[in-house]
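Beneath this line is the structure, given in structure tokens, with notes to follow.
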Amino acid sequence: ASPVTYASSDDPPVLTIHGDLDKVVPVTQARVLDEKMDEVGAAHTLMILPEQPHGVRGKYRDKVNEAAFAFLDRHLKR
């Protein structure tokens, strides 16, 4: 059951954060979802972390937190 199958323009905003060295879920999956969200006109943000495996570690923790808060701020404030 891939989320790509169900992507539509009325989907809620999606923030995808993915390490480019992820061996659990290939980064290509994040890129495919990003392309599909763009294709259907849904709000989305893709953040790819260089040299990161599955999960967020080390120097990217603060950057990811800032991106997540900015995303939520942008999409939840009215």
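The values are calculated or read from the model by the stated rules, or taken from the named source; none is laboratory data. Please read these numbers as outputs of a predicted model, since none were measured by experiment. Here the Cβ positions follow ideal geometry from the backbone for every residue, glycine too, while neighbour counts run over all protein chains shown. Side chains are part of the model used for accessible areas, which takes the heavy atoms of the whole protein and leaves out ligands, DNA and RNA. Shrake-Rupley method; radii C 1.70, N 1.55, O 1.52, S 1.80 Å.
Numbers at a glance
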read-out: Inter-residue pairs, beta-carbon under 8 Å, first of a type in the set (Phe, Trp, Tyr) and in region 64-78, second open to solvent by less than 100 Å² (accessible area, probe 1.4 Å), 6+ apart; value: 71/13; 71/15; 71/45
read-out: Of the criteria (1) surrounded by 12 or more Cβ atoms within 10 Å (Cβ to Cβ); (2) outside any helix (DSSP H, G or I); (3) among the aliphatic types (A, V, I, L, M), which one residue 68 fails; value: (2)
read-out: Residues that are surrounded by fewer than 12 Cβ atoms within 10 Å (Cβ to Cβ) and within 20 Å of residue 71 (Cα to Cα), drawn from region 1-34; value: 8, 9, 10, 12
read-out: Residue 46 vs. criteria open to solvent by 40 Å² or more (accessible area, probe 1.4 Å), modelled with pLDDT of 95 or more, within 11 Å of the chain's Cα centre (by Cα) and among the hydrophobic types (A, V, I, L, M, F, W, C); value: yes
read-out: Selection within region 17-33 - within 11 Å of residue 48 (Cα to Cα) and free of Cβ contacts under 8 Å to residues at least 12 places away in the same chain; value: 28
